[in-house]
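To start, the structure itself, in structure tokens.
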Number of protein chains: 2
Amino acid sequence: MFKTDLEIAQECKMEHIKDVAAKIGIEEKDLEYYGNYKAKVSLDLLHRNENKEDGKLILVTAINPTKAGEGKSTTTVGLGDALNRIGKKTMIALREPSLGPVFGLKGGAAGGGYAQVVPMEDINLHFTGDMHAITTANNLISACLDNHIHQGNALDIDINHVTWKRCMDMNDRTLRRIEIGKGPKANGVEREDGFNITVASEVMAVLCLSTSLMDLKERLGNMLIAYNTKNEPIYVKDLGIEGALAMVMKDAIKPNMVQTLEHNPVLIHGGPFANIAHGCNSILATKTCLKLADYTVTEAGFGADLGAEKFLDIKCRFGGLKPSAVVIVATIRALKQHGNVALEDLKEENVEAMLAGCENLAKHIDTIQQFGLPYIVAINEFATDTPAEVEALQNWCKEHGHPMSLSQVWAKGGEGAIDLANQLVELCDQPNTYAPLYDVNETIEDKITAIATKVYGAANVEFSDEAKEQIKLYNELGWNKMPICMAKTQMSLSDNDKLYGAPKDFTITVRELRPSLGAGFIVALTGKILTMPGLPKTPAANNMDINEEGHIVGLF
Amino acid sequence: MFKTDLEIAQECKMEHIKDVAAKIGIEEKDLEYYGNYKAKVSLDLLHRNENKEDGKLILVTAINPTKAGEGKSTTTVGLGDALNRIGKKTMIALREPSLGPVFGLKGGAAGGGYAQVVPMEDINLHFTGDMHAITTANNLISACLDNHIHQGNALDIDINHVTWKRCMDMNDRTLRRIEIGKGPKANGVEREDGFNITVASEVMAVLCLSTSLMDLKERLGNMLIAYNTKNEPIYVKDLGIEGALAMVMKDAIKPNMVQTLEHNPVLIHGGPFANIAHGCNSILATKTCLKLADYTVTEAGFGADLGAEKFLDIKCRFGGLKPSAVVIVATIRALKQHGNVALEDLKEENVEAMLAGCENLAKHIDTIQQFGLPYIVAINEFATDTPAEVEALQNWCKEHGHPMSLSQVWAKGGEGAIDLANQLVELCDQPNTYAPLYDVNETIEDKITAIATKVYGAANVEFSDEAKEQIKLYNELGWNKMPICMAKTQMSLSDNDKLYGAPKDFTITVRELRPSLGAGFIVALTGKILTMPGLPKTPAANNMDINEEGHIVGLF
């Protein structure tokens, strides 16, 4: 029997986090311990090193995943360990897991097998409380907003035009659309509202894109929350609570340090989903890594159509980051799914279907090429892969001239990615022509169309009447010079989660836009994508338990 | 100008928490640090000392307070420091502040002046995350319950008879009554719901009354969440998620150690409000103190009608605790309010009104006498008190034979309560006849009537039709042998918050009952009391700010 991720993680004899930090030159004065194995890293460390040259930045992305994920975090962790093994001073920057999917389908999310970050249980539960701080800040805005309306509504807020929603770090579909303020007058003003999952909150995006505590405060103040009855925008700062919000997030803004199973330093900070948000860890964490290490390996959520596009068009643009190379993770399982093999048959050998599914991989490679970056395909090996399938995929890469490496980090840890690491060192030394895909000064329609046609391979984009009206308003208000954060299913390149492979001649439907003025982008919701997930028939929570000694089971 | 509480707290040069812990004999192996000044204390420490004799337990309670509070926490902290000053090995056990009132009216809640616990900012914000863990556990139940209904409702849950509510650590009146599951079928089943403030969640009560992690898990499983269409009870364990819930709370169950401004050890753990919940810190924290220290000073929320009654009838009964003495805190300000002086005139000298208001103090003294415990009145000195008022109050106590001490801990720290400490040492050596007020085997009506008549001074109790039906059902289900947790306004001995002093001939109206089967008591809601507060016209959040260096203002 294979050991579970949790069992492997629990067997790890962790080093004290101060010793892990020391490896990368971080002193105790810059650490605030949360137990022996977690620490907040001071922002001052980054500020003191601001003028130092950045190390190389490697992005790990993937093809469109199966529901189990492609092993992007696993590859990121294993690659970081491998780079350290070959003598390169390397740090890893990851996103914080959300509790929603932990209790839902996925269980934990901190890598897998022998390529994990630890303490896995803590990282997957409350960690250092960042998610809770974000939830609190988000909901303090709602409470103050509804209180303002209840207490006389001096700002003349139109209760039918409140754009700010509450949030919860939970998969809870019944909270998507609710009516609040029911009952007697003392219960406040009745109106429609809804909850997003915390990782989709603009507060999360703001945390991830801020460059200092004061920048955070300013961005929080600039968030749009409603319109008044004259259709003029109302911001958080109109409620006068941006100071309180920044205070609530004073610790959350500091990156969190943990270690890999091989005791290499990792920063985990910020965790927006890539399907409904911008999908990258914080700029502060990535920048801290870049200043301290020669190589930084980071990931962006889901496939290159979502996470990588937003990493390259939003995060790198805002953070002034210059990536050196991209790893595109693919599994034979997922390629077979893109070759239209049914979920229950994915374990069976099917070379033909796999090769057909390579068109999905090819499209993501094309995307990275459009961004002007060197790339390598990492085949994340699964126990069910057959030698014939692996060989066929290796040949496909060779035939098409795509650099490729077989990654065995799940089974072997860093040792399983030595070849990948060596190839990446070479790729990082190549000059590259990285540039974002579009200019922010293009129209909203053009920017969305650029992403849909160039990255998704869509034929065209259709805007709903609501979206058209919103664009008109944003143009009037001058909110049209920002990047776009697409919200789209992760299962397909299209906005229909049933279309595998590399669909053609399809239309992307933009249903609604949401201006994130604090984050600095406009969210475009496509297809049926929702910003609050639901739980499956049997939630992962049903398999979780803890015994008297505090030993946990069921958190995969 | 007086310094604010926050300014005084920020001037304190804290000791490392391991040094504070060492004073009371706690070794590093039993501590898990959250930064340098906060630590979780292992439950194993208590279990290893289980057979040791308990130290003396001193409860600090108060008269019915003004909106500013009577300074119960302040007195508790100052008294603990004073006992340490006179050479008594003393620990303090307090409740964790809720964020709701922090952003609302009150600002911080960790003592005041020179009798505070630190780090004040952390304690008042996210602290070690216990509140967030409770919120998460509470809402995971709701998400799984609604998901169960949505996925086919195998348990046949009556959607019009769901008793479990969601919660948030926020003052947010618009969430009191909501409708969820609006919109298309994919958004789940539509029904009425509401949010309690987290401190009123049964999960909080369960945390505070649990004696081990396994006891916690069992209690969480036993919580009532709904009835099925045959009117049979459905429990958390029917959803099969008590293991996940206990896992979510694995750290929250461990008491938190901090220090007073005078560097004495304090455990802060669990924070139910005393008006809408049982109002006491955790049994685990109090027991840990009793095993390690010769004197433990603890508080129970609001006046003796609420916190002390529940401390003596619920917490001590369940925890097998034997209190030694009670401190009843009174301020001259509040006594004047009970003598019907208007809020804006409380700063003016008014000996006559103050003496009239002493009937409120007399009633609380009577309550403590009924419980068979020695007591002392602590006059918590305010800058606005006049010599004539202080003297008149001292004389009133003397005339009526009530032990009394002038407490100046706000201005002087422990030095300001040396006399109080010395008198308490003597009181603790007196034998006492402590016993709960009622037998749990009495009827629900009789138990409620006992509290209402003996503690509140009510003439009688009226039960609403809904409450009567509930009692009938609970009798059938065998849920009638538990203590009662009254929910009542803290402003008055009656259930009408405008009735000051010691009202007579009034009726207590029991509107609704809520069985807390995991906690092990029945909540009785009286008058207009609500389990979700609202924000005031200008929330405290509006005055809060943080600067670039992380310096906070406005968190009083």
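The values are calculated or read from the model by the stated rules, or taken from the named source; none is laboratory data. From a predicted model like this one, the values you see are computed outputs, not experimental measurements. Here the Cβ is made from the backbone with ideal geometry for all residues, glycine too, and neighbour counts use every protein chain on show. Ligands, DNA and RNA are stripped out before the accessible areas are found, and what is left, the full protein with its side chains, is counted by its heavy atoms. Shrake-Rupley method; radii C 1.70, N 1.55, O 1.52, S 1.80 Å.
Looking only at segment A:162-169, decide whether some residue is open to solvent by 10 Å² or more (accessible area, probe 1.4 Å), within 26 Å of B:Ile141 (Cα to Cα) and more than 8 Å from every other protein chain (Cβ to nearest Cβ). Yes: one or more hits. Here A:Met249 meets each of (1) within 22 Å of the chain's Cα centre (by Cα); (2) over 19 Å from A:Ile58 (Cα atoms); (3) away from chain B (no Cβ under 14 Å) with one exception, condition (3).
Looking across segment A:366-392, the residues that are among the β-branched types (Val, Ile, Thr) and open to solvent by 10 Å² or more (accessible area, probe 1.4 Å) come down to A:Thr384, A:Thr386, A:Val390. Pairs meeting the criteria (first residue in segment A:18-31 and in the same structural domain as A:Ala285 (by the TED database) and of a type in the set (A, V, I, L, M), second residue assigned to a loop (DSSP other than H, G, I, E, B) and surrounded by 13 or more Cβ atoms within 10 Å (Cβ to Cβ), beta carbons under 8 Å, at least 6 apart or on different chains) are A:Val20/A:His263; A:Val20/A:Asn264; A:Ile24/A:Lys89; A:Ile24/A:Ala293; A:Leu31/A:Ser42. Scan segment A:112-126 for residues that are within 11 Å of chain B (Cβ to nearest Cβ) and crowded, with 24+ Cβ neighbours inside 10 Å and the total you get is 2.
Applying the criterion of being assigned to a loop (DSSP other than H, G, I, E, B) and of a type in the set (Gly, Ala, Ser) to the residues of segment B:51-73, the residue that is farthest from B:Pro323 (Cα to Cα) is B:Ala68.
Conditions tested, residue by residue: (1) modelled with pLDDT under 95; (2) within 12 Å of chain A (Cβ to nearest Cβ); (3) farther than 19 Å from B:Glu96 by Cα; (4) surrounded by fewer than 24 Cβ atoms within 10 Å (Cβ to Cβ).
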residue: B:Lys182; (1), (2), (3), (4): no, yes, yes, yes
residue: B:Asn228; (1), (2), (3), (4): no, no, yes, yes
residue: B:Pro265; (1), (2), (3), (4): no, no, no, no
residue: B:Ile268; (1), (2), (3), (4): no, no, no, no
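Identify, by number, the condition in (1) basic (Lys, Arg); (2) crowded, with 21+ Cβ neighbours inside 10 Å; (3) under 27 Å from A:Glu426 (Cβ atoms) that A:Arg333 doesn't meet. Among (1) basic (Lys, Arg); (2) crowded, with 21+ Cβ neighbours inside 10 Å; (3) under 27 Å from A:Glu426 (Cβ atoms), A:Arg333 violates only (3).
Residues that are over 21 Å from A:Thr76 (Cβ atoms), surrounded by 14 or more Cβ atoms within 10 Å (Cβ to Cβ) and out of contact with any Asp or Glu (no Cβ under 9 Å at 6 or more places or on another chain) do occur in segment A:394-414. For segment A:199-212, the criterion of being within 11 Å of chain B (Cβ to nearest Cβ), closer than 29 Å to A:Glu299 by Cβ and surrounded by fewer than 20 Cβ atoms within 10 Å (Cβ to Cβ) is met by at least one residue. Just to be sure, is A:Glu96 within 30 Å of B:Val102 (Cα to Cα), touching a residue at least 12 places away in the same chain (Cβ under 8 Å) and more than 10 Å from every other protein chain (Cβ to nearest Cβ)? Spelling it out, A:Glu96 is indeed within 30 Å of B:Val102 (Cα to Cα), touching a residue at least 12 places away in the same chain (Cβ under 8 Å) and more than 10 Å from every other protein chain (Cβ to nearest Cβ). Is it the case that B:Asn147 is among the polar types (S, T, N, Q), open to solvent by 10 Å² or more (accessible area, probe 1.4 Å) and in contact (Cβ under 8 Å) with a residue 12 or more places away in the chain? No: the conditions fail for B:Asn147.
I'd like to know if segment B:309-328 contains one or more residues that are modelled with pLDDT of 95 or more, of a type in the set (Val, Ile, Thr) and more than 26 Å from B:Val455 (Cα to Cα). No: segment B:309-328 contains no residue that is modelled with pLDDT of 95 or more, of a type in the set (Val, Ile, Thr) and more than 26 Å from B:Val455 (Cα to Cα). When you scan segment A:444-467, do you find a residue that is closer than 24 Å to A:Lys363 by Cβ, acidic (Asp, Glu) and either under 22 Å from the mean Cα position of the chain (by Cα) or open to solvent by 70 Å² or more (accessible area, probe 1.4 Å) (or both), even just one? Within segment A:444-467, one or more residues are closer than 24 Å to A:Lys363 by Cβ, acidic (Asp, Glu) and either under 22 Å from the mean Cα position of the chain (by Cα) or open to solvent by 70 Å² or more (accessible area, probe 1.4 Å) (or both). For segment B:537-545, the condition of being of a type outside the set (S, T, N, Q), under 30 Å from B:Lys336 (Cα atoms) and part of a loop (DSSP other than H, G, I, E, B) holds for at least one residue.
When segment A:97-128 is filtered for residues that are in contact with a helix residue (DSSP H, G or I) (Cβ under 6 Å, 6 or more places away or on another chain), closer than 22 Å to A:Val297 by Cβ and of a type outside the set (Val, Ile, Thr), the ones remaining, listed by number, are A:Pro97, A:Ser98, A:Gly108, A:Ala110, A:Gly111, A:Gly112, A:Gly113, A:Tyr114, A:Ala115, A:Gln116, A:Met120, A:Asn124. The set of residues in segment B:200-233 being of a type in the set (S, T, N, Q) and either in a strand (DSSP E or B) or within 21 Å of B:Leu155 (Cβ to Cβ) (or both) consists of B:Asn222, B:Asn228, B:Thr229, B:Asn231. Within segment A:161-174, residues that are under 9 Å from A:Pro533 (Cβ atoms) sit with their Cβ atoms under 7 Å from residues that are in a loop (DSSP other than H, G, I, E, B), at 6+ positions apart or across chains, in these pairs: A:Asn171/A:Gly104; A:Asn171/A:Pro533; A:Asn171/A:Gly534; A:Asn171/A:Leu535; A:Asp172/A:Met532; A:Arg173/A:Met532; A:Arg173/A:Gly534; A:Arg173/B:Gly188. Every listed requirement among (1) part of a loop (DSSP other than H, G, I, E, B); (2) more than 28 Å from A:Asp251 (Cα to Cα); (3) open to solvent by less than 60 Å² (accessible area, probe 1.4 Å) is met by A:Gly87 save one, (3).
Give segment A:227-268 a look and list any residue that's among the small types (Gly, Ala, Ser) and at positive phi, or say none. Within segment A:227-268, A:Gly240 is the sole residue that qualifies.
Which of the residues that make up segment B:128-147 are more than 13 Å from B:Ala244 (Cα to Cα) and either of a type in the set (Lys, Arg) or more than 9 Å from every other protein chain (Cβ to nearest Cβ) (or both)? Of everything in segment B:128-147, those that are more than 13 Å from B:Ala244 (Cα to Cα) and either of a type in the set (Lys, Arg) or more than 9 Å from every other protein chain (Cβ to nearest Cβ) (or both) turn out to be B:Asp130, B:Leu145.
Let's see how each residue does on (1) on the phi > 0 side of the Ramachandran plot; (2) outside the structural domain of B:Lys336 (by the TED database); (3) in a helix (DSSP H, G or I); (4) among the aliphatic types (A, V, I, L, M):
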{"position": "B:Ile376", "(1), (2), (3), (4)": "no, no, no, yes"}
{"position": "B:His402", "(1), (2), (3), (4)": "no, no, no, no"}
{"position": "B:Lys412", "(1), (2), (3), (4)": "no, no, yes, no"}
{"position": "B:Gln423", "(1), (2), (3), (4)": "no, no, yes, no"}
{"position": "B:Thr433", "(1), (2), (3), (4)": "no, yes, no, no"}
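One residue stands out in segment A:37-70 among those that are open to solvent by 10 Å² or more (accessible area, probe 1.4 Å) and among the small types (Gly, Ala, Ser): the one that is farthest from A:Leu420 (Cα to Cα), namely A:Ser42.
Might you check whether a residue that is within 14 Å of chain B (Cβ to nearest Cβ), under 18 Å from A:Gly129 (Cα atoms), open to solvent by 30 Å² or more (accessible area, probe 1.4 Å) and not in a loop (DSSP other than H, G, I, E, B) occurs anywhere in segment A:1-13? For segment A:1-13, residues within 14 Å of chain B (Cβ to nearest Cβ), under 18 Å from A:Gly129 (Cα atoms), open to solvent by 30 Å² or more (accessible area, probe 1.4 Å) and not in a loop (DSSP other than H, G, I, E, B): absent. Looking at segment B:520-533, is at least one residue away from chain A (no Cβ under 14 Å), over 16 Å from B:Glu445 (Cα atoms) and in contact with a Leu (Cβ under 8 Å, 6 or more places away or on another chain)? Checking segment B:520-533: at least one residue is away from chain A (no Cβ under 14 Å), over 16 Å from B:Glu445 (Cα atoms) and in contact with a Leu (Cβ under 8 Å, 6 or more places away or on another chain). A residue that is touching a Phe, Trp or Tyr at 6+ places or on another chain (Cβ under 6 Å) and within 19 Å of B:Cys485 (Cα to Cα) occurs nowhere in segment B:406-413.
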